[in-house]
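A short worksheet on the structure shown next.
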Amino acid sequence: MKEKPYILVVDDDPNIAKLEQLYLEKAGYEVKTVGRGDDAMTEFRKMPPDLMLLDVMMPGMDGWQVLKAVRKSSNIPIIMVTARDETFDKVLGLELGADDYITKPFDPIEVLARVRSQLRRYTQLGAKKEEEKPNVYTVGPIVLDEEKKSVSVDGDE
């Protein structure tokens, strides 16, 4: 991740998008806002964000379509921020790959806390992946280490 995490806010209500942008920028994030789902995909392809705040009901592509499209190529944290507050919608969002779901109206401080939480978790998971040895293969009790030129079964070389 960059020094200053980049967040893409996708919401067709300019007042909500601006509110989210102000709080996030004050907290030290780089923020871009778009009001349409298809514009979100254009921005995503141009410069993938570290996190996306995504509304559901928008012109162009809706949030569900954006979520599915992003998940085909990325595991960035996506937080749905939407007026759709039915249990069905929350479950659908999470099942399609959203990492969190916030209903409108919301408290901007809560949104900020959830953003921090998701970025912290995402960064930690990314760091663990980088630490893994790419030349060590494990299949059940068998471990093959190409670098050490060794094979072990149940810990015995």
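Taking residues in the range 123-150 that are over 30 Å from residue 51 (Cβ atoms), and partners anywhere that are at pLDDT 60 or above and open to solvent by 90 Å² or more (accessible area, probe 1.4 Å), the pairs with Cβ atoms closer than 6 Å and at least 6 places apart or on different chains are 135/147; 141/154; 144/137; 150/157.
Conditions tested, residue by residue: (1) in a loop (DSSP other than H, G, I, E, B); (2) more than 17 Å from the chain's Cα centre (by Cα); (3) over 21 Å from residue 6 (Cβ atoms).
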{"position": "31", "(1), (2), (3)": "no, no, no"}
{"position": "61", "(1), (2), (3)": "yes, yes, no"}
{"position": "64", "(1), (2), (3)": "no, no, yes"}
{"position": "95", "(1), (2), (3)": "no, no, yes"}
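Set side by side, the residues 20, 30 differ, and just one is within 16 Å of residue 111 (Cα to Cα), open to solvent by less than 20 Å² (accessible area, probe 1.4 Å) and either hydrophobic (A, V, I, L, M, F, W, C) or touching a residue at least 12 places away in the same chain (Cβ under 8 Å) (or both), which is 20. Pairing each residue of the range 88-114 that is in contact (Cβ under 8 Å) with a residue 24 or more places away in the chain and closer than 20 Å to residue 8 by Cβ with any residue that is among the small types (Gly, Ala, Ser) and assigned to a loop (DSSP other than H, G, I, E, B), provided the two are 6+ apart or on different chains, yields C-beta distances under 6 Å for 104/83; 112/27.
For residue 43, indicate whether it is open to solvent by 50 Å² or more (accessible area, probe 1.4 Å), touching a Lys or Arg at 6+ places or on another chain (Cβ under 8 Å) and under 22 Å from residue 3 (Cβ atoms). Criteria not met by residue 43. Going by the structure shown, is residue 56 over 14 Å from the mean Cα position of the chain (by Cα), β-branched (Val, Ile, Thr), open to solvent by less than 50 Å² (accessible area, probe 1.4 Å) and at pLDDT below 85? The answer is no for residue 56. Scanning the range 38-53 for residues that are within 16 Å of the chain's Cα centre (by Cα) and farther than 16 Å from residue 110 by Cα gives 40, 41, 43, 44, 45, 47, 48, 49, 50.
Quick check on residue 122: is it surrounded by 11 or more Cβ atoms within 10 Å (Cβ to Cβ), part of a helix (DSSP H, G or I) and either at positive phi or of a type in the set (Phe, Trp, Tyr) (or both)? So residue 122 passes the test. Considering the range 1-15, and only residues there that are within 17 Å of residue 113 (Cα to Cα) and touching a residue at least 60 places away in the same chain (Cβ under 8 Å), the residue that is surrounded by the most Cβ atoms within 10 Å (Cβ to Cβ) turns out to be 7. When residue 113 is tested against (1) closer than 20 Å to residue 17 by Cβ; (2) in a helix (DSSP H, G or I); (3) within 14 Å of the chain's Cα centre (by Cα), just one condition goes unmet, and that condition is (3).
The values are calculated or read from the model by the stated rules, or taken from the named source; none is laboratory data. Quantities reported herein were computed from a predicted structural model and do not represent experimental measurements. Here the Cβ is made from the backbone with ideal geometry for all residues, glycine too, and neighbour counts use every protein chain on show. Calculation scope for accessible area: heavy atoms of the full protein, side chains included, ligands and nucleic acids excluded. Shrake-Rupley method; radii C 1.70, N 1.55, O 1.52, S 1.80 Å.
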